[in-house]
Amino acid sequence: MAPRIPLLQLNDISLGFGGDPLFADLSLVVQPGDRVALVGRNGSGKSTLMKVMAGLIEADGGARIVPAGVSVGYMEQDPDMTGFATLGDFASSALDAAETYRVEMAAEGLKFDPQQPVATASGGERRRAALAKLMAEAPDLMLLDEPTNHLDIEAIAWLETTLKETRAGYVLISHDRAFLHELTRATLWIDRGAVRRNEQGFAHFEAWRDKVWEEEDQDRHKLDRKIRAEARWAVEGISARRKRNQGRVRALQALRAERAAQVKRPGTAAMALESGPKSGKLVIEARDISKSYGDNLILRDFSVRIARGDRVALVGPNGVGKTTLLKILLGEERPDSGEVRLGTNLAPAVFDQARAALDPEMTLWDSLTGDPEMRVSGKADQVLVRGQPRHVIGYLKDFLFDEAQARAPVKALSGGEKARLLLAKLMARESNLLVLDEPTNDLDIETLDLLQELLDDYDGTLLLVSHDRDFLDRVAATTIAMEGDGRATVYAGGWSDYRAQRQERIAPEPAKGQAKPRPKAPQPKSRATGMSFTEKHRLEKLPDEIARLEAEIGKLEELLSDADLFTREPVKFRKATEALAARQEALSAAEEEWLTLAEKAES
């Protein structure tokens, strides 16, 4: 069997930005068909490494090797759209005119309008266009840096399905655990400038990481014991003999140098979240509220009662009105009809996904000391943290910032660092109503775990908006699902509970123009179905996947119905034929999988 030719190879890469090297002697290989999670703490260099892999950053030393004929695509975080009139023009700029249907299919899944002018497009729309561009170009290797940011859950599900079906290799950076669990089969872990590889997906990462750290701690403990033993000999040997064994002294010095050279593991943020005085038992009550903006109906006759200690998540597609509902519940905006009643003694604290509380031109120091609620009178170097003065540097270190960053501008921070700074401002306050609007964006896994633990122990009430399915399942006890056309429904439990209950209440409707109805997942007669959570989740998703494949097959068949296509554009004809065959194969497999799971659910 002939050896596989790698899609990408990095040999002995070293890179630094004036200080300590970010990477030294780093080597890695990406093979055809690899589905790799790239993980590491915020600031460990994940995005930088991906740009090296994409050829956008030139390393100080080493080699980047891409074999002839292999295409590598990178999803730009801040794409340059200069010279393009619309998002669609940008997304299709590298395609033949006959291939632009790929952009239209990606735009439908990612939920953006290709005709949207670049001049008026938001940052999220630009990122979705950049992702659509990459998906439409279909390179041999896709490098995806936080592709789920600015996507709602439906778009994330579309992307998940599309990546499952692709034959291309890809490397993913993401904070979305569920996304990484579903898609990856290998893991690259950046830890203190080194890259380790595990031939298992992200589902096994934490167990692998903990095992590596445990072995590291054992080795360090053995080294410390050996140093202590040799040091004792060096002291006692002076009185026992006139001449010391110089070889053992040199060995002791080498052991101490080895111990000193070991890089300390980055610590976990020392975040703390404390609730203030108790609120009244009733926190928020909404009765029959409705809200519209012109012809856009946001809410219709919605009622909910939120009590002290409740954990309530708001979910739904982008633009459906989650933030509007949040503002109405907080009394910041009035409904068109109905009534909202707020409880007594409320002390809210708000995490805003737009980062409006951060001035990009201010330093981290001034961002904290200049906050009126954190200012300590007469103390320019201290901040008020839950009623107690703290030195600003010490408090920043609790959130993993070093002293050199304190005087740096906020605009120089990464997305994860901005999120941690916002959490620092939020957690300095005593609150009994915590409002978190997309708090998980850009946070690393360890910080997310800590945040979840803090929320579990929080005595106050939580309102949460998030597209992170795993985080919703871990944190939420009640879910308000906003499904468009003014519909908002309250469900018990987190994301998975909501999906299961919704499936029981609403049968899927046939797709518009579809010849046959989508298959409906049968309802198990009892909870003990013998099906795993993954199987239940897959059974729920398959009808939409089948409908999508049928729609794509219809578009490709329409394209191939042009009798002159083969002679006029043979390359396009070949690619469309291959795409049609692949989707027909995927449709057959999906229908067979659905039948198997449906029979299992009914048994």
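Among residues of region 101-125 that are under 18 Å from Ala157 (Cα atoms), those with a beta-carbon under 7 Å from a residue that is in a loop (DSSP other than H, G, I, E, B) and small (Gly, Ala, Ser) at least six positions away or on a different chain give the pairs Val103/Ser92.
Just one of (1) under 15 Å from Tyr170 (Cα atoms); (2) surrounded by 15 or more Cβ atoms within 10 Å (Cβ to Cβ); (3) of a type in the set (Gly, Ala, Ser) fails for Gly33. It is (2).
Tell me yes or no: at least one residue of region 457-464 is modelled with pLDDT of 90 or more and among the small types (Gly, Ala, Ser).
Scanning region 457-464, I find at least one residue that is modelled with pLDDT of 90 or more and among the small types (Gly, Ala, Ser), so the answer is yes.
Meeting the requirement of 1 or more residues that are hydroxyl-bearing (Ser, Thr, Tyr) and within 17 Å of the chain's Cα centre (by Cα), the strands (runs of 3 or more DSSP E) wholly within region 122-210 are 169-173, 186-191. Does any residue in region 476-505 that is aromatic (Phe, Trp, Tyr) come within less than 6 Å, Cβ to Cβ, of a residue that is surrounded by fewer than 18 Cβ atoms within 10 Å (Cβ to Cβ) and at pLDDT below 85 six or more places away or on a different chain, and which pairs are these? Pairs that qualify, where the first residue is aromatic (Phe, Trp, Tyr) and the partner is surrounded by fewer than 18 Cβ atoms within 10 Å (Cβ to Cβ) and at pLDDT below 85, are Tyr491/Gln501. Do you know which residues across region 458-487 are within 21 Å of Ile284 (Cα to Cα) and charged (D, E, K, R)? Asp459, Arg487, listed by residue number.
Considering region 405-449, the residues that are over 28 Å from Leu325 (Cα atoms), charged (D, E, K, R) and surrounded by fewer than 17 Cβ atoms within 10 Å (Cβ to Cβ) include one that is nearest to the chain's Cα centre (by Cα), namely Lys411. Name the single residue that is surrounded by the most Cβ atoms within 10 Å (Cβ to Cβ) among those in region 197-232 being closer than 15 Å to Arg41 by Cα and modelled with pLDDT under 90. The extreme case among them is Arg209. Picking from residues in region 376-404 that are modelled with pLDDT under 85 and more than 33 Å from the chain's Cα centre (by Cα), the one that is nearest to Pro277 (Cα to Cα) is Gly387. Considering region 266-289, and only residues there that are exposed (fewer than 14 other Cβ atoms within 10 Å of the Cβ) and in contact with a strand residue (DSSP E or B) (Cβ under 8 Å, 6 or more places away or on another chain), the residue that is modelled with the lowest pLDDT turns out to be Lys281. Taking only region 356-375 into account, find how many residues are buried (at least 16 other Cβ atoms within 10 Å of the Cβ), over 26 Å from Pro277 (Cβ atoms) and touching a residue at least 24 places away in the same chain (Cβ under 8 Å). Within region 356-375, residues that are buried (at least 16 other Cβ atoms within 10 Å of the Cβ), over 26 Å from Pro277 (Cβ atoms) and touching a residue at least 24 places away in the same chain (Cβ under 8 Å) number 5. Of all residues in region 428-450, those that are outside any loop (DSSP other than H, G, I, E, B) and not polar (S, T, N, Q) total 10.
Pairs meeting the criteria (first residue in region 271-298 and free of Cβ contacts under 8 Å to residues at least 24 places away in the same chain, second residue not in a loop (DSSP other than H, G, I, E, B), beta carbons under 8 Å, at least 6 apart or on different chains) are lacking.
The values are calculated or read from the model by the stated rules, or taken from the named source; none is laboratory data. Because the structure is a prediction, the values reported are computed rather than measured. Here the Cβ is made from the backbone with ideal geometry for all residues, glycine too, and neighbour counts use every protein chain on show.
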